[in-house]
Each structure stands twice: as C-alpha cells, then as structure tokens.
Amino acid sequence: RRQLEALGYDGLRLAELNHEPFMPLAIAAEHTDRIELVTSVAVAFARSPMNLAQIAHDLNAFAEG
C-alpha cells in the first residue's frame with residue numbers, strides 16, 4: 001500500500017485463492033488514495049449475487065471510488 005506507492009506501483013490486484021480478497025482490499029483502501037485496487041479473481045458462484053453486489057458497493061464506497 002504505502003510501500004507500493006513509494007515504489008511507483010499504480011495498482012494492486014488480489015485473487016481469491018486461499019482467502020477472500022475483499023477485506024485485504026478494504027485495509028489497503030484505508031492506507032492509499034492513489035493505487036487502483038482490484039480483485040483479479042473473486043468466486044461469484046459461491047456467493048449470492050446480492051451479497052457480492054453489496055460487498056462490491058461497500059468496498060467502492062469505503063475506498064471513495
């Protein structure tokens with residue numbers, strides 16, 4: 001997050017491999033306002049569409065876009 005900014009990175013992508021990607025992205029959003037935060041893989045079929053939409057909306061609102 002801050003270290004990635006200092007190194008010149010412009011994005012952070014997390015995949016759902018062993019853990020869900022949304023909480024780490026929310027934590028990253030708290031510590032940056034320049035880096036693009038993206039899920040590269042989020043298993044949608046394991047969640048209800050409404051749940052996934054709400055998670056995405058909340059994360060977007062928390063990260064202020």
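Laboratory data are not the source of any read-out in this text; all were calculated from the coordinates shown. Fair warning: this is a prediction, and the values are worked out from it, not measured in the lab. Here the Cβ positions follow ideal geometry from the backbone for every residue, glycine too, while neighbour counts run over all protein chains shown.
Taking Ala26, Ala46, Ala15 in turn, the Gaussian network model of the chain (Cα-Cα springs below 10 Å) assigns the largest fluctuation to Ala46. Two decimals is fine: what's Rg over Rh for the chain, C-alpha atoms, Kirkwood radius as Rh? Result: Rg/Rh = 0.99.
For the chain, set up a GNM with springs between Cα atoms under 10 Å and report which of Arg34, Arg13, Arg47 has the largest fluctuation. Largest GNM mean-square fluctuation: Arg47.
Result for the chain in a Gaussian network model with C-alpha springs under 10 Å: among Ala42, Ala29, Ala53, the largest mean-square fluctuation is at Ala53. Any chance you could give the angle, 0 to 90 degrees and rounded to 10, that helix 49-62 forms with the longest Cα principal axis of the chain? Approximately 20 degrees, to the nearest ten.
Of the GluC sites (Glu not before Pro) found in the chain, the ones in coil according to DSSP and having at most 15 other Cβ atoms within 10 Å of their Cβ are Glu16, Glu64.
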